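Student: Before I ask anything, here is the structure I am working with.
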Amino acid sequence: IMGVAVLGAYGGGLNGVARASKQLTQAMIDFTWHGKGFIERSSRLDDDDRKAMQEGYELGVIDKTQGHDLAGVAETGIEYSPVREKAMKVISAMFHHTERANREITFLAAYRMAREKGLEHDAAVRKAASLVWKTHFDYANTSRPRFMQSNAAKALFVFRNFQVNMLFRLW
């Protein structure tokens, strides 16, 4: 819902939404059909696309997801006992991989759109990262309202972070 709108606005002009939809569809095909669940495995990516995806991971824009935040590993890594670590990975896996898919697809589509607009590789990566944050939000604890930052509040409001971000965006 947000990806087409945000990337369409970035695409600009009368065909911005069409360009965004095309790039998102191509990236989705790279993720599902050619990459079998991981975009970087796609045979259709060129060297710049692969480099951009690696940089997206290094920036944390793709894999720091709400699922990892729920498991408690997004910011501080895993500091739990091995039993708890395994349990939290199982619990959060579905959420994490769904959101990772959305972020990978959005990042690649945004990167390709930025390159089409004439940006150099580094600038296109930065723009793609910015558009992913704008589309999927930053779920890091420091990006939450102060009342949602304690351990109890994180558990209580784990599925409200998206709504808070949307309300802020609409406001």
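The values are calculated or read from the model by the stated rules, or taken from the named source; none is laboratory data. Everything numeric here is computed off the predicted structure, so don't read it as measured data. Counting neighbours? That spans all protein chains shown, and the Cβs are built from the backbone with ideal geometry, glycine included. The area values use the complete protein model at the heavy-atom level, side chains included, leaving out ligands, DNA and RNA. Shrake-Rupley method; radii C 1.70, N 1.55, O 1.52, S 1.80 Å.
Student: Using a 1.4 Å probe and counting only protein heavy atoms, arrange Tyr10, Tyr111 so the residue with the most accessible area comes first.
Tutor: Tyr10, Tyr111
Student: Next up: Apply the Karplus parameterisation 6.51 cos²θ - 1.76 cosθ + 1.60, with θ equal to phi minus 60°, to every residue of segment 34-46 and state each ³J(HN,Hα) to the nearest whole Hz, in sequence, with x for glycine and proline.
Tutor: My calculation for segment 34-46 gives 8, x, 6, x, 9, 4, 5, 7, 5, 6, 7, 7, 8 Hz in order.
Student: Kindly write out, for segment 85-95 in residue order, the coupling ³J(HN,Hα) from the Karplus curve 6.51 cos²θ - 1.76 cosθ + 1.60 (θ = phi - 60°), rounded to whole Hz, with x marking Gly and Pro.
Tutor: These are the phi-based 3J(HN,Hα) values: 4, 5, 4, 5, 5, 5, 4, 8, 4, 4, 5 Hz.
Student: Let me ask you something else. Which whole-Hz ³J(HN,Hα) couplings does segment 16-23 yield from phi under the Karplus relation 6.51 cos²θ - 1.76 cosθ + 1.60, θ = phi - 60°, glycine and proline marked x?
Tutor: Once rounded to whole Hz, the list reads x, 5, 5, 5, 5, 4, 5, 5.
Student: Still on this structure, I have one more. Pop a pseudo-label 7 angstrom from the Cα along the beta-carbon direction at both Val164 and Ser43 and give the gap in nm to one decimal.
Tutor: Simple spin-label model gives 4.6 nm for this pair.
Student: What would the Debye formula give as log10 I(q)/I(0) at q = 0.15, 0.26, 0.27 Å⁻¹ for the alpha-carbon point model of segment 95-149, no solvent?
Tutor: -0.49, -0.95, -0.98
Student: Okay, next question. Please enumerate, by chain and number, the lysines with C-alpha under 30 Å from the C-alpha of Lys51, excluding those fewer than 8 residues away in the same chain.
Tutor: Lys22, Lys36, Lys64, Lys89, Lys117, Lys127, Lys134
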